[in-house]
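Let me begin by presenting the structure, written as structure tokens, before commenting on it.
The values are calculated or read from the model by the stated rules, or taken from the named source; none is laboratory data. What you see is a predicted model; the values in this text were computed from it and never measured. Using ideal geometry, Cβ is built from the backbone for each residue, glycine included, and neighbour counts are taken over all protein chains shown. SASA here: full protein model, heavy atoms, side chains in, ligands and nucleic acids out. Shrake-Rupley method; radii C 1.70, N 1.55, O 1.52, S 1.80 Å.
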Amino acid sequence: MEANNELIFLKPILKERIWGGNRLRSEWGYESDLPGALGECWAISCNAQADCEITAGVFRGKHLSELWKERPEIFGAKPGEAFPFLVKIIDAGADLSVQVHPDDAYAKAHGAEAGKWECWYILDCPEHAELIVGSNAKTREELAQMVKAGEWGRLLGRVPIRKGDFLKVDPGTLHAITAGVELLEVQQNSDITYRIYDYDRKQNGKARELHLKDGLEVTKVPYRIREADVIHTDDIENKPQLLAATETYRMWTIAVNGNCDPEMNGDTYLLGSVLEGSGAINGHPVRKGMHFIAPKGYEMSRLEGTMRIALVAPAVSCV
Ligand code: ZN
């Protein structure tokens, strides 16, 4: 079978976190020898910390980083280009730290390769859940003063969410995932995080490091999220719903009920995650918890079953 006619399935990598929960085992069926709470599933990942293995097809047994490097034409990538994405499922048993990420320019000026944008698709959350996004500071001075005084309740912006919501977290946005929320996180492939506040928690008797200087420098002020910035996705079936189309990435979700042709013509490679249910993609069976890459040129023409999938692609102008 030709390489660009086949979906490339990947084995997720699980991570323990102090704030983790139990849903990655109990609801997603992922197995792990790690003894503690699982907080993250690195579902489509191509970096030194977690390099997903290909589980089926002609490239079975290879790691994603090897395929990306050896066969860039499968993705339509330029030789030497870095793999731009990281797809995770996050299960927050407790609140995650309040943090901020820099943009590319700041990251590069401070010794890192890339900054980080991220975006969230809410898979599950408690009733009346809110996420922390943005702040109520009007000036940089006010931001610094409120952080110094620990006025978190007054400082941090909050937005109500429900299952199926989507929101973007651009570089420079203060943010935190809150207890009980489960989400699909798509992000720039970078681990640069400036932690601003960690609820004074201790890990092995020690507080985790904060990065206030860089964090305050990159935080956008003023920046408040509005409820209108949250996209709701609960009522469209059998066609792709566009969630984001930025300078660097595009993202869709599709709720399949019966069958449909999503008219994804293969103009770029696609990253896919099955978030609910089961079905088939061009006749290939898939179910919740499976993650794949459709090579450039792969025409995704028939989705069947009862399932929800998320698709991510580079912006067309990037390739
Ligand atoms: Zn983040």
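Observations
- Selection status of PRO262, open to solvent by less than 60 Å² (accessible area, probe 1.4 Å) and assigned to a loop (DSSP other than H, G, I, E, B): yes
- Screening ALA255 against (1) on the phi > 0 side of the Ramachandran plot; (2) buried (at least 21 other Cβ atoms within 10 Å of the Cβ) leaves a single unmet condition, (1).
- Filter pass, VAL147 being modelled with pLDDT of 95 or more, in the same structural domain as VAL221 (by TED's automatic domain parsing), within 16 Å of the ligand (Cβ to nearest atom) and not charged (D, E, K, R): no
- Cross-chain or 6+ apart pairs with Cβ under 8 Å, segment 193-214 first and without any contact (Cβ under 8 Å) to a residue 12 or more places away in the chain, then within 14 Å of the ligand (Cβ to nearest atom): ALA207/ASP198
- Qualifying position, being modelled with pLDDT under 95 and surrounded by 18 or more Cβ atoms within 10 Å (Cβ to Cβ), among GLU40, GLU81, GLU6: GLU6
- Residues that are within 16 Å of the ligand (Cβ to nearest atom), under 23 Å from PRO126 (Cβ atoms) and either basic (Lys, Arg) or open to solvent by less than 10 Å² (accessible area, probe 1.4 Å) (or both), drawn from segment 159-179: VAL159, PHE166, LEU167, LYS168, VAL169, THR173, LEU174, HIS175, ALA176, ILE177
- Among residues of segment 290-319 that are at positive phi, those with a beta-carbon under 7 Å from a residue that is modelled with pLDDT of 95 or more at least six positions away or on a different chain give the pairs GLY305/VAL256; GLY305/GLY277; GLY305/SER278; GLY305/GLY279; GLY305/ALA280.
- Residue within segment 221-236 that is away from the ligand (no atom under 14 Å from the Cβ) and of a type in the set (Lys, Arg) present: yes
- Segment 217-243, subset over 18 Å from PRO171 (Cα atoms) and part of a loop (DSSP other than H, G, I, E, B), residue least open to solvent (accessible area, probe 1.4 Å): THR233
- At least 3 residues being closer than 24 Å to ALA228 by Cβ and charged (D, E, K, R) is the threshold, and among the strands (runs of 3 or more DSSP E) wholly inside segment 90-200 not one reaches it.
- Note on segment 180-211: residues that are of a type in the set (A, V, I, L, M, F, W, C), open to solvent by 30 Å² or more (accessible area, probe 1.4 Å) and within 16 Å of the ligand (Cβ to nearest atom) amount to 1.
- Screening the candidates ASP103, ASP124 for the property of being open to solvent by 30 Å² or more (accessible area, probe 1.4 Å) and either within 14 Å of the ligand (Cβ to nearest atom) or polar (S, T, N, Q) (or both) yields one hit, ASP103.
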